[in-house]
1. Exactly one condition in (1) over 15 Å from the mean Cα position of the chain (by Cα); (2) at pLDDT below 75 is not met by Ser191; state its number.
2. All but one of (1) modelled with pLDDT of 80 or more; (2) under 19 Å from the mean Cα position of the chain (by Cα); (3) not aromatic (Phe, Trp, Tyr) hold for Ile148; which doesn't?
3. Quick one: what pairs do we get from segment 188-209, first residue in a loop (DSSP other than H, G, I, E, B), second modelled with pLDDT under 75, C-beta under 7 Å, 6+ apart or different chains?
4. Let me confirm something: among Thr58, Thr67, Thr41, which residue is within 12 Å of Lys163 (Cβ to Cβ) and either in contact with a helix residue (DSSP H, G or I) (Cβ under 7 Å, 6 or more places away or on another chain) or modelled with pLDDT under 85 (or both)?
5. Please tell me if Ser12 is of a type outside the set (A, V, I, L, M, F, W, C), in a helix (DSSP H, G or I) and touching a Ser or Thr at 6+ places or on another chain (Cβ under 9 Å).
Amino acid sequence: MIEANWLLFFVSSLVVIATPGQDMILVMSKALSQGTRAGVTTAAGVSVGLLGHTLLATLGLGALLRTSEWLFVALKFVGAAYLIHLGIQLVLTRSTALTAAASARYSPRQLFMTGATSNISNPKIAVFFFAFLPQFVAPEATHPTVTIFVLGALFALLTFLVKGPVAVFAGRLSSWFQARPQALLWLYRSSGMVMLGLAAKLVFSRREG
């Protein structure tokens, strides 16, 4: 029996998921540049990345990240380095690169792995999961660890149910952007600047608690 405060969990989760962040930007940029399927595939990768964080939270890595300064810093810089890599690629995009991208697009596997890597390489999410999920476990729960895992899996599913439609909506604008290379170029570079800003925010972030 999974005992949890379901209503509070669903409402809180939807608020968190709908808040714009690096995953939302990544999903939208892929959908706008390559179409609906690319955005949905990236969203699926993001959700699977959350399943990885669910396993880490269930196994207690979140607690280790909260107490181990060096481990948190190490993982934080790995995540920031990945965001910087994505950001620089976007900022340095040129018109000729957009033309090439139109004919040589990322494969579904590459899109999926980009979404998953972007999510799983962020240690703040691991800490967030460890602090967030236990709040909804009922005090009388007989199997709290199992409940945390189920809540994390549901959070990942809700993430896909929110970001998937966002990808569909953005994908509908893909043709408009493809017909206007300069607008698409501006979108790429703006997204790259946001990614670099998120990387800086991650670098200077501190553990909570």
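1. (1)
2. Failing condition for Ile148: (2).
3. Between residues of segment 188-209 that are in a loop (DSSP other than H, G, I, E, B) and residues that are modelled with pLDDT under 75, the close pairs are Ser205/Lys76; Ser205/Lys124; Arg207/Arg66; Arg207/Phe72; Arg207/Val127; Glu208/Val127; Glu208/Ala131; Gly209/Arg66.
4. On the way: Thr58 fails: within 12 Å of Lys163 (Cβ to Cβ); Thr67 fails: within 12 Å of Lys163 (Cβ to Cβ).
Of the residues listed, the single one that is within 12 Å of Lys163 (Cβ to Cβ) and either in contact with a helix residue (DSSP H, G or I) (Cβ under 7 Å, 6 or more places away or on another chain) or modelled with pLDDT under 85 (or both) is Thr41.
5. On the way: of a type outside the set (A, V, I, L, M, F, W, C): yes; in a helix (DSSP H, G or I): yes; touching a Ser or Thr at 6+ places or on another chain (Cβ under 9 Å): no.
Spelling it out, it is not the case that Ser12 is of a type outside the set (A, V, I, L, M, F, W, C), in a helix (DSSP H, G or I) and touching a Ser or Thr at 6+ places or on another chain (Cβ under 9 Å).
The values are calculated or read from the model by the stated rules, or taken from the named source; none is laboratory data. The model shown is predicted, which means the values in this text are computed figures rather than measured ones. So basically every Cβ, Gly included, is an ideal-geometry build from the backbone, and we count neighbours across all protein chains shown.
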